[in-house]
1. Counting Lys and Arg as +1 and Asp and Glu as -1, what is the net charge of the other residues whose Cβ lies under 13 Å from the Cβ of Asp300?
2. Quick one: Karplus J couplings for the range 55-64, per residue in order, coefficients 6.51, -1.76, 1.60, θ = phi - 60°, nearest Hz, x for Gly and Pro?
3. Hey, can you grab everything whose amide H is under 5 Å from the amide H of Gly152? Only 5+ residues off in sequence or another chain; H modelled, so Pro and N-termini drop out.
4. List, in order, the whole-Hz ³J(HN,Hα) value for each residue of the range 209-226 obtained from phi through the Karplus relation with A = 6.51, B = -1.76, C = 1.60 and θ = phi - 60°; use x for Gly and Pro.
5. For the range 1-66 and the range 242-271, what is the centre-to-centre distance using only Cα atoms, to the nearest Å?
6. Report for the chain the percent antiparallel among DSSP-assigned beta bridges with both residues inside it, nearest 5.
7. Which loop GluC sites (Glu not before Pro) in the range 260-300, with loop taken from DSSP, have no more than 13 other Cβ atoms within 10 angstrom of their Cβ?
8. So what is the orientation-averaged projected area of the range 1-70, using the convex hull of its C-alpha atoms, in nm²?
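Since every read-out is calculated from the coordinates, none of them should be taken as a lab result. All values derive from a computational prediction rather than experimental measurement. FYI the Cβ positions are ideal-geometry reconstructions off the backbone, even for glycines, and counts take in every protein chain you see.
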Amino acid sequence: MQHRTLGRQGLEVSAIGYGAMGISMFYGPGDEQQGTAAIRRAHDLGVTFFDTAELYGWGENEKVVGRAVAGFRDEIVIATKFGFTRDYGTDSRPEHIREVVDNSLHHLGIETIDVLYQHRVDPDVPIEDVAGTVRELIAAGKVKYFGLSEAGPQTIRKAHAVQPVSVLQTEYSLFERDVERLFPTLDELGIGFVAYSPLGRGFITGTAKPAGQYDPGDMRNADPRWQPGNFERNVQAVDQLAQLAAGKGTTVSQLALAWLLTRGEHVVPIPGTRSPERVAENSAAADLTLDEADLTAIHDILPTGGFGARYAESAMPSWK
Ligand SMILES: NC(=O)c1ccc[n+]([C@@H]2O[C@H](COP(=O)([O-])OP(=O)(O)OC[C@H]3O[C@@H](n4cnc5c(N)ncnc54)[C@H](OP(=O)(O)O)[C@@H]3O)[C@@H](O)[C@H]2O)c1
């Protein structure tokens, strides 16, 4: 597995990471046993970057990750996030950040969080106060690197002036290209980028079903990209990508992840799956080379992204 360096503070991770969210929520029933097997398979295959958050089950996902990686914790980078309230509001008050960090350390069973992200920008707390609090946590040895998620250029700049930001995590995939607008800022400041939902929440794998056919708790039932009208157009695009992939002896998931790796040395995708077999498929994308003809063909299929917004309007993050 190749490695990439995120930011200028020395954060080194595998070119493809692993997102643990789906083990606990959003995509149907959780499954700790399978999730644990998937995490351990990822480690066996050289994945060193594991992503969780307080939000993912209010500590439950962190506990699953902590137990799964206990035998090799020192070989990997663990990222977690603070900043949501239980009714999906935001809370980045310094006292709340400190409390969440202590809880996360306990849930994960570790002494230091390698990457600590603010999960969403909090409009009620100046970002300088957030960055200052993370700076203190770094000085105290509880955190190593600072990250932001779904933050805009002004927020990134202000935060970075107080505590260097090593990485921005935001949705990015063949379906979701908006964040490319921020790449010049990241480049200027020397900040790495983590692509979340790099498989378009599973759509760019060839396994999408129409909204309503998922488990009742599955967010994709309400996702605009799964709604009639958008769904068919997205399926058609993924079918075309799958044909292209098949011609290269690879899969559409691998093509989608390899494409992200071509977008810049600062980009690391963190696909999520509860399946050890799919972990192997996804991780192998790090070895897939796409040439100019492949990139042109991909561009011709999806020049600007998928059809439909990436979140329902009420949940759409706004960059500040
Ligand atoms: N910062 C944020 O606000 C934020 C938001 C969302 C996600 N994230 C992070 O990003 C990570 C990844 O994003 P994500 O889980 O939303 O989306 P994703 O990685 O784009 O897709 C995950 C979905 O794809 C399926 N899948 C994965 N690999 C597959 C393959 N090779 N073939 C077929 N299906 C496959 C998974 O199903 P199975 O489990 O059934 O395989 C799951 O339903 C999360 O785990 C989380 O850590 C962060």
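1. It works out to a net charge of -2.
2. 4, 6, x, 6, x, 5, 5, 4, 5, 4
3. Amide H to amide H, under 5 Å and 5 or more residues apart or across chains, Gly152 pairs with Lys320.
4. The phi angles translate into 10, x, 3, x, 9, 8, 3, x, x, 7, 5, 5, 4, 10, 6, x, 6, 9 Hz.
5. 19
6. Of those bridges, close to 20 percent are antiparallel.
7. When the GluC sites (Glu not before Pro) of the range 260-300 are filtered for loop state and at most 13 Cβ neighbours within 10 Å, Glu265 remain.
8. Spelled out: convex hull of the Cα atoms, projected over all directions, averaged, 5.1 nm².
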